[in-house]
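Here's the structure, in C-alpha cells; my notes come after.
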Amino acid sequence: MKKLITILSIILCYSNNYSQDKSPEKCGYIFSSVKEMAVTSVKNQSSSGTCWSFSTLSFIESELIRTGRGEFDLSEMFVVHNAYYDKADKYIRTRGNINFAPGSCSGDVFTVWKNYGIVPEEIISGLNYGTKTHVHKEMDMALSGYISAVLKKPNGKYSTAWKQGFKGILNAYLGEIPQRFSYKGKEYTPLTFAKELSFDPDNYIPITSFTHHPFYQQFALEIPDNWRWDKYYNVPIEELMEIVDSALEKGYTVLWATDVSEKGFDRKGIAIIPETDITNMTGSDQAKWTGIPKNELETKLYRLEQIVPERTISQEERQIAFDNGQTTDDHAMHIYGIAKDQNGNKYYIVKNSWGETGNYKGIWYVSVSYLKYKTTNIVVHKNCIPGKIKDKLGI
C-alpha cells in the first residue's frame with residue numbers, strides 16, 4: 001500500500017509540472033521506501049488531545065503483528081477513559097498540583113494496560129455524544145470544571161460521591177466500560193483480553209536525551225503531560241538515534257514523542273529543519289541559495305519546491321530549545337520505516353493520527369535532523385537497544 005502511495009505521488013508530481021518544466025527538481029521531494037514494518041490503518045484523533053493513546057496503541061498493534069498475535073484495532077477511548085479517571089484521583093491527592101489536561105504520555109497507556117486491560121475498538125468507540133469523529137472540547141471542559149469544583153471542598157471535605165460523579169461524565173461521553181464483553185465468539189474481561197494478547201509493557205523502554213540530568217540514568221522527564229512522573233532513561237542524542245536505527249534494522253517499530261510546532265513540520269507530510277544561514281551551507285547548496293535576499297530565503301526554503309539543505313543538530317542545540325520552551329511535548333506518532341529522497345537523503349516513515357491527510361494519506365517523512373532536534377522521547381522494545389548501550393543503562 002505504501003509503495004502504491006509513493007508511485008502515485010510521483011505520477012501526480014510529474015503530471016502537475018510537465019507543461020512548465022520537465023525537471024524532477026520542480027516536483028520537490030520524491031520518496032522511495034527502503035524498509036517498512038507492518039502497521040495498522042491510519043486513524044483520526046480529530047478534535048481531541050489524544051495522540052498519546054492513538055500512537056501508543058498503533059505501536060502495540062504493530063508489536064502484536066510482529067509477534068504473530070494477528071491484527072487488532074484496539075480502543076483508544078478505553079485508555080482515555082481510564083487514564084482520565086486516574087488523573088482526576090491524582091489531581092485531588094496532589095491538591096491540584098499536576099497538569100489536568102487531555103494530553104498524556106505513552107507510559108499512561110502501558111499503566112492502563114497493566115491495571116485495567118484493553119478492549120477492541122468495536123466494544124468502545126468513545127463516540128457517545130452525537131458526532132462521527134472525536135470532538136472532546138465539551139467533555140474536557142466539563143471534566144475540568146467538575147474536578148476544579150471538587151478541589152475546592154465546598155462541603156469542607158471530599159465527599160464519597162465525587163469519583164462516581166466524575167466517572168458519570170466519562171460514561172456519558174465515551175461510554176461505560178464493560179465488566180465483560182464478547183469478541184469473536186469468546187467472553188472476556190478487559191484484563192483477560194489483554195492477557196490473551198500477550199503484550200508485556202515491561203519489555204518496553206522509554207528513552208530521552210537531555211543534558212540537565214546525567215546520561216545513563218533515569219529521571220522523570222519534566223513535561224506537563226508526564227503527570228504520572230514516569231522515568232526515562234537518558235542517553236546522548238547520537239545514541240538515541242542509534243537505538244532508533246537499530247530497532248528499524250531489526251524489524252521493530254518506534255514510538256516517538258516530539259514537537260510539531262516547527263515551520264519545518266509541513267502539513268502535507270514532510271518534516272525537516274532547513275539551514276537558513278547560508279554561511280553554514282556547503283558546496284552546491286551554498287551556491288544555489290547565495291544571492292537570495294534574506295527576507296525571501298526562508299520563504300523559498302519552506303516551500304519545499306526542491307530539496308533544501310538542513311541544519312546539523314548538536315546536543316547543545318537540543319538542550320537550548322528544550323530549556324527555552326521552543327521544544328514542547330505537543331505530539332506523538334509511530335515510526336515504522338526508513339525512506340530516501342531522490343538525492344539519497346535518509347528519512348523516517350511515520351504514521352500520524354490525523355486521518356488520511358496530506359500528500360501521503362496520513363504518513364509523514366521525517367528527516368534525520370528533525371528527529372535529532374525535536375524528539376522529546378522514544379519507546380522501544382528492550383531487545384532493540386544495542387548491547388553496549390544496554391550495558392551502560394544497566395538493562
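The values are calculated or read from the model by the stated rules, or taken from the named source; none is laboratory data. Remember, predicted model here, so these are calculated numbers, not experimental data. As a convention, Cβ positions derive from the backbone with ideal geometry for all residues, glycine included, and neighbour counts pool all protein chains shown.
Evaluate the stretch 339-353: report whether one residue or more is of a type in the set (D, E) and modelled with pLDDT of 95 or more.
yes
Search the stretch 91-128 for residues being buried (at least 21 other Cβ atoms within 10 Å of the Cβ) and under 17 Å from the mean Cα position of the chain (by Cα), and hand back the single one that is farthest from G145 (Cα to Cα).
The selected residue is F110.
Just checking, which of D108, D86 is at pLDDT 95 or above, of a type outside the set (S, T, N, Q), touching a Lys or Arg at 6+ places or on another chain (Cβ under 7 Å) and closer than 17 Å to W227 by Cα?
On inspection, the qualifying residue turns out to be D108.
Counting just the residues of the stretch 135-144 that are touching a residue at least 60 places away in the same chain (Cβ under 8 Å) and not aliphatic (A, V, I, L, M), which one comes out farthest from S46 (Cα to Cα)?
My answer is D140.
For a quick check of your reading of the model, give me the residue pairs whose first member lies in the stretch 214-234 and is touching a residue at least 60 places away in the same chain (Cβ under 8 Å) and assigned to a strand (DSSP E or B), whose second is surrounded by 14 or more Cβ atoms within 10 Å (Cβ to Cβ) and of a type in the set (V, I, T), with beta-carbon atoms closer than 7 Å and at least 6 apart or on different chains.
Note: pairs meeting the criteria are Y232/I207; Y232/T208; Y233/I205; Y233/I207.
Which residue pairs have Cβ atoms closer than 6 Å, lie 6 or more positions apart in sequence or on different chains, and pair a first residue in the stretch 194-206 that is under 14 Å from G70 (Cα atoms) with a second residue that is among the basic types (K, R)?
L197/R69
Just to be sure before I move on: is S53 small (G, A, S), outside any loop (DSSP other than H, G, I, E, B), touching a residue at least 60 places away in the same chain (Cβ under 8 Å) and on the phi < 0 side of the Ramachandran plot in the structure I sent?
No; evaluated as a whole, the condition is false for this residue.
Do we have E356 as charged (D, E, K, R), at pLDDT 95 or above and farther than 20 Å from N234 by Cα here?
For E356, the condition - charged (D, E, K, R), at pLDDT 95 or above and farther than 20 Å from N234 by Cα - is met.
Which one is surrounded by the most Cβ atoms within 10 Å (Cβ to Cβ), of the residues in the stretch 166-193 that are part of a loop (DSSP other than H, G, I, E, B) and either aromatic (F, W, Y) or in contact with a helix residue (DSSP H, G or I) (Cβ under 8 Å, 6 or more places away or on another chain) (or both)?
So, considering only residues that are part of a loop (DSSP other than H, G, I, E, B) and either aromatic (F, W, Y) or in contact with a helix residue (DSSP H, G or I) (Cβ under 8 Å, 6 or more places away or on another chain) (or both), the one surrounded by the most Cβ atoms within 10 Å (Cβ to Cβ) is I177.
Can you tell me which residues in the stretch 283-297 are under 23 Å from K346 (Cα atoms) and at pLDDT 80 or above?
Hit for the stretch 283-297 is W289, nothing else.
Please verify whether the stretch 140-150 includes one or more residues that are at pLDDT 95 or above and either closer than 18 Å to F54 by Cα or of a type in the set (D, E) (or both).
Yes; the residues of the stretch 140-150 include at least one that is at pLDDT 95 or above and either closer than 18 Å to F54 by Cα or of a type in the set (D, E) (or both).
Within the stretch 129-165, which residues are surrounded by 15 or more Cβ atoms within 10 Å (Cβ to Cβ) and part of a loop (DSSP other than H, G, I, E, B)?
H134, H136
Looking at K167, K114, K186, K132, which one is under 20 Å from V80 (Cβ atoms) and free of Cβ contacts under 8 Å to residues at least 24 places away in the same chain?
Among K167, K114, K186, K132, only K132 is under 20 Å from V80 (Cβ atoms) and free of Cβ contacts under 8 Å to residues at least 24 places away in the same chain.
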